[in-house]
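Here is the structure we will look at, set down as C-alpha cells.
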Amino acid sequence: MPLQPHQRTKLDNADDAVFYDYPRLVTHVDSGFIQQLTDVYREYLQPNSHVLDLMSSWVSHLPDELQLGKVVGHGLNAEELAKNPRLESFFVQNLNQDPKLTYPDQTFDAVLIAVSVQYLQYPEAIFSEICRVLKPDGVVITSFSNRMFYQKAIQAWREGTDDQHVQLVQSYIRSVEGLSDPIVISNQTPQSTLLSWMGLGGGDPFFAIIARRTSTATAG
Ligand SMILES: C[S@@+](CC[C@H](N)C(=O)[O-])C[C@H]1O[C@@H](n2cnc3c(N)ncnc32)[C@H](O)[C@@H]1O
C-alpha cells in the first residue's frame, strides 16, 4: 500500500462534486507545460487509438493533427466536458467515491491523467482499473506540475516535493501487477530546480510518468 490512511486526507473533506460544481474554463498549467505534454502524447499515442482521458475538462492537450479513434472523457463537471472538442463522449464520476470504471477489460489503447493525480485518494484502485481497461501494451500517461488546488490535494501530495511526487506516482503504478516499470520524463535539472527555488524559474515544471500494460497482465 503506497499510502497510509492519513496521507489520503484532504483539507476540504466535502464531496469533490461540490468543488467542481461550476465550470472552470481556464488552463491549469502554462503554455510551456502544455506544449511538452502534447509532445509526449505525439510520441506515445498511435493514430486511431481508443483513448480514455480521465479527470479531463474542456481541453485534452492532444495533438490537433493526430487522428484518434474513440476518445472518451471523464471528469466532475459536465459543462466543461461538453466543451471539449476532442471528446466523442464523456461521463461524470467521482473516483474518490467509486473507483470502478464501467468499461470492459482491454477497451483502450491509452489512458491519460493530466494535472489531476494529486486529487485521488485511492490511486491504487484507480491504476488497477486503468490496467484492466487497457489493451495489452496500452499506455497510461500521468502528467503533473507543482500547482494544485491545495485544499483538494491529498496530504501526501500537499507535503511532498517534486521528487516525492514522482516517487509517489511511480509507487501507484508499481502497486499494480500488470503495469510495466514506469519511465519518467521531466524538464527539471538541478539548475532549473535551484533557479525555481530562487524565484527565477522559467515556467511550470513538467513531469510525465509513463507505463504500459504488460501483455501477461491478468484483468482486475
Ligand atoms: C486541474 S483539473 C485538470 C483538468 C484537465 N485534465 C486539464 O489538463 O486541464 C482537475 C480535474 O480533476 C477532476 N477531478 C478532481 N477530483 C475528482 C474526483 N474525485 N473524481 C473525478 N474527477 C476528479 C476534475 O473534474 C477536474 O477537471
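Bear in mind that the values in this text are calculations on the coordinates, not laboratory data. If you're wondering where the values come from, they're calculated on a predicted model, not measured in any experiment. For neighbour counting, all protein chains shown are included, and Cβ atoms are generated from backbone atoms with ideal geometry for every residue, glycine included.
The table below gives the values:
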item	result
Highest-MSF residue in the chain out of Leu66, Leu54, Leu37 [GNM, Cα springs under 10 Å]	Leu66
Distance in nm between pseudo-label sites at Leu25 and Leu66 (7 Å out along the Cβ direction from Cα)	2.6 nm
Virtual spin-label span in nm between Asn48 and Arg158, 7 Å along Cα→Cβ	4.8 nm
Label-point gap, in nm, between Gln151 and Val184 - each point 7 angstrom along Cα→Cβ	3.2 nm
Taking Lys152, Lys70 and counting other C-beta atoms within 10 Å, the order from fewest to most	Lys70, Lys152
The chain, helix-only ellipticity at 222 nm - DSSP H runs n ≥ 4, -39,500 (n - 2.57), divided by all residues, nearest 500	-7500 deg cm²/dmol
Linear extension gain, Arg174 paired with Gln35, 0.36 nm per residue minus alpha-carbon span	47.3 nm
Listed residues Arg158, Arg132, Arg24, most fluctuating in the chain (Gaussian network, C-alpha, under 10 Å)	Arg24
Region 2-81 and region 102-123: distance between their alpha carbon centers, rounded to Å	9 Å
Where GluC sites (Glu not before Pro) fall in DSSP loop in region 74-122, at most 16 other Cβ within 10 Å	Glu88
Within region 1-40, backbone nitrogen closer than 15 Å to the virtual label 7 Å beyond the Cα of Gln167 toward Cβ	2-4
FRET efficiency, 1/(1 + (r/R0)^6) with R0 35 Å, evaluated for Asp137 and Asp12 via beta carbons	0.35
